[in-house]
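Values in this text are rule-based calculations from the coordinates and carry no lab data. Note that this is a predicted model, so its numbers are computed, not measured. Using ideal geometry, Cβ is built from the backbone for each residue, glycine included, and neighbour counts are taken over all protein chains shown.
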Amino acid sequence: MSRVELKDIVKSFDGNPVIPCLNLDIESGKLTVLLGPSGCGKSTLLRLIAGLEYPDEGKIILDGEDITTLESRRRNIAMVFQNYALYPHLTVRENLAFPLQVAKADKLRIDREVVATAELLGLSSMLDRYPKTLSGGERQRTAVGRAIIRDPRLFLLDEPLSNLDFQLRNQMRGEIKSLQRRLGKTMIYVTHDQTEAMTMADTLVVLEKGKIMQQGTPDEVYHRPANVFTARFIGSPPINILRGSVRGGELHLDSVSSPICHVTMPDGEYLIGIRPDDLIASSDGAAVSMTIERVEFHGATTYLYGRLGEQEVVARGDKIVGQAHSGLNDATVAISISKEALHFFDSQTHQRCT
Ligand SMILES: Nc1ncnc2c1ncn2[C@@H]1O[C@H](COP(=O)(O)OP(=O)(O)OP(=O)(O)O)[C@@H](O)[C@H]1O
Ligand SMILES: [Mg+2]
């Protein structure tokens, strides 16, 4: 078990502050996902923990031990990268054995560990093959095997699945998650893919420009986004963020003439977040109407793209849309909004209000 604490971490490259000042506790034995857009500093954070970079300021604590300036090879931390970097001239067996040979383990132990790791990852039948003869998923499993074989204190994975096709990604993320559970090791997993993050994480850390925007379980982050950035980053199709105001206990959306519903928020201007799944087109004569510009069929669900007043929105349309969804373009439909599903954000700071 390994707990990681990042304390007041500052990191710049060429005078560019990539991480302005970051504090983060990574829980022992759990899978923590760092999620954020390209360039927000995810890989930099992993590289700092791995000892491939050093912070300008701050401390990195691993199980109570200050490892800030400890050399990478003394940290016993395993890192798996996007382009799995197997040795092409070595077989799967030799690739797996490599870290133990470097650590000067004896041959019997190496053989035993290679067999056990291959078993764990479903590689037993391909131990004598070379990387170029393996599929992407098999290569990635070999890379993971090479990382876990020396029993590291901590796993760091940096977008390990982004070279794989959609189906294989789905399968591998399940495999990595159950491997982490079985081994009970602390794992920090970096991705910019929100689906991967939501489905894998015990704890989700949303980053933007080297700052933590929110930290919580996927459920918390989805249902109670702390700010507009997090709300928009998680959920597909993305949440609707609408300009509106509360006057005398009634919610008004800009450019929509009738009030939406009664709310208990103080009077003022807000940004209102409503997930497409909570904005439902119905035929029961609800107060607000939406003009449809485009219909998107997703199988079990259908989304309607259009406008409430002048504001662009996406709503859930499967209640009213049958087979002939293409006929709905330019139609107007009634929309029902459930009060419980509204997220209020301060119109200036973009922070959650309740
Ligand atoms: N060695 C370096 N020298 C100069 N700038 C760097 C260096 N490493 C990273 N950066 C910059 O720091 C910022 C953060 O980079 P980082 O690789 O951590 O982003 P990321 O969140 O992993 O992005 P991605 O999702 O694209 O991998 C980027 O603007 C990048 O250009
Ligand atoms: Mg990166």
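Helices in the chain, meaning DSSP H runs of at least 4 residues, each add -39500 (n - 2.57). Divided by all residues, the mean residue ellipticity at 222 nm is -7000 deg cm²/dmol. Each label was represented as a point 7 Å from its Cα along the Cα-to-Cβ direction; for residue 348 and residue 170 these points are 4.7 nm apart. When the Gaussian network model of the chain links Cα atoms closer than 10 Å, the mean-square fluctuations of 152, 17, 238 top out at 17. The overall shape of region 163-291, judged from the alpha-carbon gyration tensor, is prolate: a/c is not under 1.5, and a/b is greater than b/c. Across region 240-346, the mean sequence separation of Cα contacts (distance under 8 Å, 6 or more residues apart), normalised by length, yields a relative contact order of 31 percent. With contacts taken as Cα pairs under 8 Å and at least 6 residues apart, the chain reaches a relative contact order of 15 percent. Spacing of the modelled spin labels on residue 267 and residue 10, each 7 Å from Cα toward Cβ, amounts to 4.5 nm. Legend: calculated FRET efficiency, residue 254 to residue 211, from the Cβ-Cβ distance at R0 = 30 Å, rounded to 0.05, equals 0.55.
P(r) tail, region 240-346: Cα-Cα pairs separated by more than 21 Å, 31% of all pairs. If the Kirkwood radius is taken over C-alpha pairs of the chain, then at 25 °C and 0.890 mPa s the Stokes-Einstein diffusion coefficient equals 107 µm²/s.
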